[in-house]
Amino acid sequence: MNESKPAAAPAGEDKGKPADKDKKEEKPKTEEKDPLFGSAPSILREAGGLASNEMRLWTDNSGSYSCRGRLIRFYEGQVRLLKENGRTATVPLARLSTGDLEFVNRQASAQQAEVGKTAQSPAKMPHLSN
């Protein structure tokens, strides 16, 4: 009897301790940052995004035309898509479906956040004296 109690108690305690220890190790996430800046790389890597090699389905605002492609540029109210066949297509923002327009807006915001993260502010730039 005395032998089984000490053996059972440490075994139960041992099972509980590693689980608690594992939970503590899982909690700290080193990559959690300000949501604005921390999420930008993952958004840009979404299928069809600026930093992705994957294609996504793009549909026009009428729903009658679609193509698979990847966003490669946006400018002056237009987007440029690289299609599966290797050709590019320039599409006015007004012709994009609501979902595609939201996707482009997320990509633009994420790209702007990435640029802002790497740019130096004038206060941090070294001052050159004559």
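Here are some notes:
- Where GluC sites (Glu not before Pro) fall in DSSP loop in the range 45-76, at most 11 other Cβ within 10 Å: E54, E76
- R45 contributes about 150 Å² of solvent-accessible surface, heavy atoms of the protein only, 1.4 Å probe.
- Less than 5 angstrom separates the built amide H of V79 from those of V91, L93, all sequence-distant by 5 or more or on a different chain.
- Taking the Cα centre of the range 34-109 as origin and assigning +1 to Lys and Arg Cβ atoms and -1 to Asp and Glu Cβ atoms, the resulting dipole is close to 280 debye.
The values are calculated or read from the model by the stated rules, or taken from the named source; none is laboratory data. What you are looking at is a predicted structure, and each value in this text was computed from that prediction instead of being measured. Neighbour counts are summed over all protein chains in view; Cβ atoms, including those assigned to glycine, are modelled from backbone coordinates with ideal geometry. Quick note on the areas: whole protein, heavy atoms, side chains included, nothing else; ligands and nucleic acids left out. Shrake-Rupley method; radii C 1.70, N 1.55, O 1.52, S 1.80 Å.
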